[in-house]
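I have placed the structure first, in the form of structure tokens, so that the comments after it can refer back to it.
The values are calculated or read from the model by the stated rules, or taken from the named source; none is laboratory data. Note that the structure is a prediction, hence the values are computed from the model and not measured. All Cβ positions, glycine included, derive from the backbone under ideal geometry; neighbour counts span all protein chains shown.
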Amino acid sequence: MKKLALLAFLLLPSILKGQDSSYVAPALAFQEFNNPRLEYGLDFLFHFDNREFDYPNGKYMRSSTIFAVVGAPTIGFSIQQGDDANHRFNLGFDYYREMGAGSDIANDAKEVIINYDFHKRFKNGALFEAVAGILPRHYMEGEYSEVFFTDSLLFYDHNLDGAILKYMTRNFYTEIGADWMGKAGETRKERFQLFFAGDWIAKHWMKLGYAGTFYHYAGSKRAPGVVDNHMLQAYVEFDAGKLTRLQELSIKASPLLSYQYDRERDSGPRFPVGGEIVLTTRNWNVWMQNTLYFGDNLMPYYYGLDLGGNPYAGNLYLGSPFYRKFYDLLEFYWEPKISEYLRFRASARFHFDEGGFMGCQQKLSLYLNLDAFKHPGWGAGRIGKTRSEKIFRTSYML
């Protein structure tokens with residue numbers, strides 16, 4: 001009986017395979033996976049940002065200087081599954097150091113990076129990617145206005161605690177992700193944010209796109225209460241660069257819709273709206289870009305306090321603090337084409353509101369992404385050259 005049982009166990013996969021043609025015996029399925037391969041990566045950022053603002057006490061932003069270096073080495077392994085799927089596991093750390101701070105550890109920041117990254121290539125050339133864990137923010141490849149994420153947030157908060165899903169073809173891209181920003185505690189707020197973006201290149205001169213965030217800013221034990229801050233942008237962009245023989249000559253117009261609700265104080269939600277127009281011209285890798293906002297105050301609770309007496313300010317509004325009734329940003333920058341994995345940018349930014357000139361910034365950034373060199377086919381912008389120019393605008397190139 002034991003011999004018969006053993007024989008039946010050994011023949012079971014063959015029997016099942018005969019019953020169901022889709023069945024693959026475990027031993028055969030495992031052969032689809034190649035042996036693990038060592039992986040390593042490095043993100044390096046050298047950043048200088050001098051901010052000079054005229055308003056006393058900093059009406060929206062105080063004068064300050066960011067002069068820092070960031071290093072994020074990782075190591076792990078990858079497993080190839082067949083010809084079109086890949087699994088990667090990464091472990092590392094993110095280290096931030098403020099220049100001139102000496103041994104003051106309050107100006108240092110360290111964070112563990114650990115994530116799983118899955119890629120699937122389809123027969124039509126499309127690519128699907130799913131990443132989960134603690135992952136660098138540069139995995140976000142959508143185009144987000146500064147009303148969603150200010151440049152200082154992108155620098156100081158390098159990583160996401162959550163997941164992101166992406167699907168891309170040569171002319172289409174979409175992503176959706178989640179960032180768990182705080183677990184409720186005695187004084188720590190419960191916070192999480194959903195973000196999404198996408199675009200479709202309908203013609204070489206026209207692109208349609210969207211971006212949005214769903215931000216849940218809840219309470220702590222000492223300061224209960226919930227505030228919602230959700231925002232949506234849809235845009236159309238026209239580029240006459242090829243007609244004028246410039247690298248780019250574009251106009252991007254979009255409405256901005258928001259939902260704001262302080263559930264403890266307001267009787268109902270607020271719906272401030274506005275519009276944004278971005279004019280961009282580029283030639284010889286020298287850019288001039290003007291961003292104009294007009295409409296309602298998109299940050300009605302900015303100067304408010306929670307039930308514990310703590311200001312909302314930048315804790316509730318993660319975007320640029322200038323999006324009030326009227327705002328104009330004029331930026332000049334030079335970004336020479338070095339390589340897909342090494343970028344340099346020098347820029348000057350001038351800020352205006354309805355009262356006139358507010359202040360300016362002078363910025364220098366050097367960014368190295370070793371993974372873009374090792375895996376040139378995995379980024380959305382490297383499927384087609386049409387997307388390659390704007391990827392780094394929402395990563396570390398601030």
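Let's see how each residue does on (1) touching a helix residue (DSSP H, G or I) at 6+ places or on another chain (Cβ under 8 Å); (2) of a type outside the set (Lys, Arg); (3) part of a strand (DSSP E or B); (4) under 27 Å from THR187 (Cβ atoms):
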site: HIS216; (1), (2), (3), (4): no, yes, yes, yes
site: SER220; (1), (2), (3), (4): no, yes, no, yes
site: GLU264; (1), (2), (3), (4): no, yes, no, yes
site: THR280; (1), (2), (3), (4): no, yes, yes, no
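I'm checking my understanding of the structure. Among residues of region 199-248 that are among the hydroxyl-bearing types (Ser, Thr, Tyr) and touching a residue at least 12 places away in the same chain (Cβ under 8 Å), which one is farthest from PRO336 (Cα to Cα)? Once the filter is applied, the top-ranked residue is SER220. Taken together, the residues in region 307-333 that are among the acidic types (Asp, Glu) and without any contact (Cβ under 8 Å) to a residue 40 or more places away in the chain amount to 1.
Of PRO321, PRO376, PRO336, all but one fail to be under 30 Å from LYS166 (Cβ atoms), touching a helix residue (DSSP H, G or I) at 6+ places or on another chain (Cβ under 8 Å) and at pLDDT 90 or above; the exception is PRO321. Does PRO300 fit the bill of being within 24 Å of GLY212 (Cα to Cα) and either of a type in the set (Phe, Trp, Tyr) or at pLDDT below 95 (or both)? The answer is yes for PRO300.
For (1) within 17 Å of the chain's Cα centre (by Cα); (2) farther than 22 Å from GLY319 by Cα, each residue gets a yes or a no:
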| position | (1), (2) |
| --- | --- |
| GLY162 | yes, no |
| LEU165 | yes, yes |
| GLU186 | no, yes |
| VAL226 | no, no |
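Counting only residues that are out of contact with any helix residue (DSSP H, G or I) (no Cβ under 9 Å at 6 or more places or on another chain) and surrounded by 14 or more Cβ atoms within 10 Å (Cβ to Cβ), region 241-250 holds 2 of them.
Annotation: of all residues in region 183-201 being surrounded by fewer than 16 Cβ atoms within 10 Å (Cβ to Cβ) and at pLDDT below 95, the one that is farthest from THR280 (Cα to Cα) is GLU186. For region 306-360, the set of residues classified as closer than 30 Å to ARG222 by Cβ and among the aliphatic types (A, V, I, L, M) consists of LEU307, ALA313, LEU316, LEU318, listed by residue number.
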